[in-house]
Amino acid sequence: MQLLVAAMPKIAGHICKNAQVTAANRRPSPDDLLVLLAVGRTGRYTTAADELGLNHTTISRRIAALEASIGGRVLARVAGGWELTDLGREALAAAEAVDSAVRSLSTATGGHRALEGVVRISATDGFSAYIAAPAAAVVQRSHPKVAVEIVAATRRATQQRSGLDVEVVVGEPTVRRAKALRLGDYCLGLYGSHDYLAEHGAPTSIADLQRFPLVYFIDSMLQVDDLDLATSFAPAMRESVTSTNVFVHVEATRAAAGLGLLPCFMADRHDDLVRVLADSVSIRLTYWLVTRAETLRRPEVAAVIDAITARMDDQRDMLLGRR
């Protein structure tokens with residue numbers, strides 16, 4: 001508590017540089033700042049309320065009190081939630097100082113700082129299963145109070161990251177008020193099942209591919225430009241089984257629905273799949289990680305990102321189809 005009291009003049013001074021203080025010169029409450037921290041991280045009052053064990057009305061009242069004390073709006077309504085204003089980002093930095101002071105009082109066995117909290121990740125299906133999930137397990141074993149929530153989705157990076165700490169997307173994103181970190185490359189290749197190739201034969205050239213059906217994403221629903229361009233290597237192949245989920249692509253290819261354009265790190269795990277035209281069809285794509293600068297300062301988020309980076313390095317050959 002003494003640490004919090006000592007930190008308050010610095011926190012108040014940090015905020016007041018760019019905001020009018022009320023006539024009463026009331027300092028912002030540490031509790032109100034921690035509420036802002038929860039809302040700023042999740043983008044939603046309801047999620048922040050669940051995290052803090054408060055109700056929605058209390059969250060709203062605390063935010064209003066904070067805005068009154070520092071003389072300006074800290075949150076702005078956006079599609080699907082709330083986004084920090086410029087003043088809100090300054091207040092968030094002060095809130096992080098309060099949070100850090102509180103957390104410094106908690107240590108794990110051995111005297112090390114105990115990490116805790118929820119880290120929410122959005123990533124593609126294959127990345128979620130083979131990179132994010134194992135990385136999350138590593139963090140959880142070392143820090144049992146860190147919970148990692150993984151939302152599987154294949155889409156562009158969002159401009160409002162309400163409710164998300166980390167996004168992993170395919171292709172370099174264009175984002176504002178966020179950091180984009182290059183994680184590494186992976187390859188797509190053409191695969192067919194043993195049974196399918198035994199019945200129809202393997203393609204002998206790129207031109208020969210026009211007689212084969214393709215298992216891939218639903219063209220009209222694909223949101224990622226790099227994945228949309230991936231099929232440009234070949235003449236028009238008629239569609240076979242298509243899906244928004246890459247695990248469906250793998251299983252449809254294994255079930256002899258046609259040739260699948262699949263991530264090598266997923267297809268090479270199945271002995272019944274054979275890669276065809278490997279020298280001619282090797283589509284190299286890049287995973288990018290997007291997060292806010294203020295989110296990256298959270299130690300539990302940094303721990304998850306470090307684990308994801310380590311997993312990417314460990315799986316480098318698999319990702320590039322070098323089984």
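The values are calculated or read from the model by the stated rules, or taken from the named source; none is laboratory data. Here the structure is a predicted model, which is why all the values come from computation and not from measurement. Counting neighbours? That spans all protein chains shown, and the Cβs are built from the backbone with ideal geometry, glycine included. The protein model used for the area step is the full one, side chains on, heavy atoms only, and it has no ligands, DNA or RNA in it. Shrake-Rupley method; radii C 1.70, N 1.55, O 1.52, S 1.80 Å.
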**Prompt:** Among 300-309, 30-39, 226-235, what's the highest-first ranking by average C-beta atoms within 10 angstrom per residue?
**Reply:** 30-39, 300-309, 226-235
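Taking 0.36 nm per residue of sequence separation and subtracting the Cα-Cα distance, how much length would be gained by fully extending the chain between D271 and R27, in nm to one decimal? Working shown, then result.
Values: separation 244, 0.36 × 244 = 87.84 nm, distance 6.50 nm.
Contour length minus the Cα-Cα distance gives 81.3 nm.
Given a cut-off of under 8 Å on Cα pairs at least six residues apart, what relative contact order in percent is computed for the chain?
Numbers: 563 pairs, mean separation 61.8, N = 323.
Reported relative contact order: 19 percent.
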**Asked** Pick from Y196, Y186, Y287: which residue has the top mean-square fluctuation in a GNM of the chain where Cα pairs under 10 Å get a spring?
**Response** Y196
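Taking 8 Å as the Cα distance limit and 6 or more residues as the minimum spacing, I'd like the relative contact order of region 118-271 as a percentage.
Values: 230 pairs, mean separation 38.8, N = 154.
25 percent.
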**Message:** Quick check: pseudo-label points 7 Å beyond the Cα along Cα→Cβ at H200 and D279, how many nm apart are they?
**Reply:** 2.4 nm
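If K179, K145 are ordered by their accessible area, calculated over protein heavy atoms with a 1.4 Å probe, which sequence runs from highest to lowest?
Working: K179 95, K145 140 Å².
So the residues, ranked largest to smallest area, are K145, K179.
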**Asked** Quick one: Debye curve from the C-alpha atoms of region 204-257, no solvent, what's log10 I(q)/I(0) at q = 0.25 Å⁻¹?
**Response** -1.08
**Prompt:** Which whole-number value in Å² is the accessible area per residue of the chain, probe 1.4 Å?
**Reply:** 47 Å²
**Asked** Once both axes come from the Cα atoms, what is the angle between helix 56-70 and the longest principal axis of the chain, in degrees from 0 to 90, rounded to 10?
**Response** 60 degrees
**Rounded percent of accessible protein surface that carbon and sulfur make up, the chain, 1.4 Å probe** = 50 percent
**Request:** Evaluate the Debye formula for region 210-323 with equal point scatterers sitting on the alpha carbons, no solvent, and hand back log10 of I(q)/I(0) at q = 0.14 Å⁻¹, in q order, two decimals.
**Result:** -0.69
**Fill in**
Relative to the chain, whose Cα atoms define the longest principal axis, helix 133-142 and its Cα axis are tilted in degrees, nearest 10, by 40 degrees
**Asked** So, how do all the Cα-to-Cα distances of region 22-63 break down into 5 Å bins, in percent, from 0 on up?
**Response** 5, 26, 33, 17, 9, 7, 3
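Return the tail of the calculated pair distribution for region 121-219, meaning the percent of Cα-Cα pairs more than 24 Å apart. Write down the numbers at each step before the final one.
Working: 2179 of 4851 pairs.
Distances greater than 24 Å cover 45 percent of the Cα pairs.
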**Request:** Would you kindly calculate the translational diffusion coefficient of region 271-323, applying Stokes-Einstein with the Kirkwood radius from alpha carbon pairs, for 10 °C and a viscosity of 1.306 mPa s, and quote it in µm² s⁻¹ without decimals?
**Result:** 114 µm²/s
**Message:** For the pair R89/D228, report the inter-label distance in nm, with labels modelled 7 Å from Cα in the Cβ direction.
**Reply:** 2.9 nm
**Asked** Hey, of (i) -0.23, -1.33; (ii) -0.29, -1.13; (iii) -0.20, -1.28, which did the structure itself give for log10 I(q)/I(0) by the Debye sum over Cα atoms at q = 0.06, 0.15 Å⁻¹ when calculated?
**Response** (ii)
**Fill in**
CD proxy, 222 nm, the chain: helix-only mean residue ellipticity via -39,500 (n - 2.57) per DSSP H run with n ≥ 4, per residue, nearest 500, stands at -11500 deg cm²/dmol
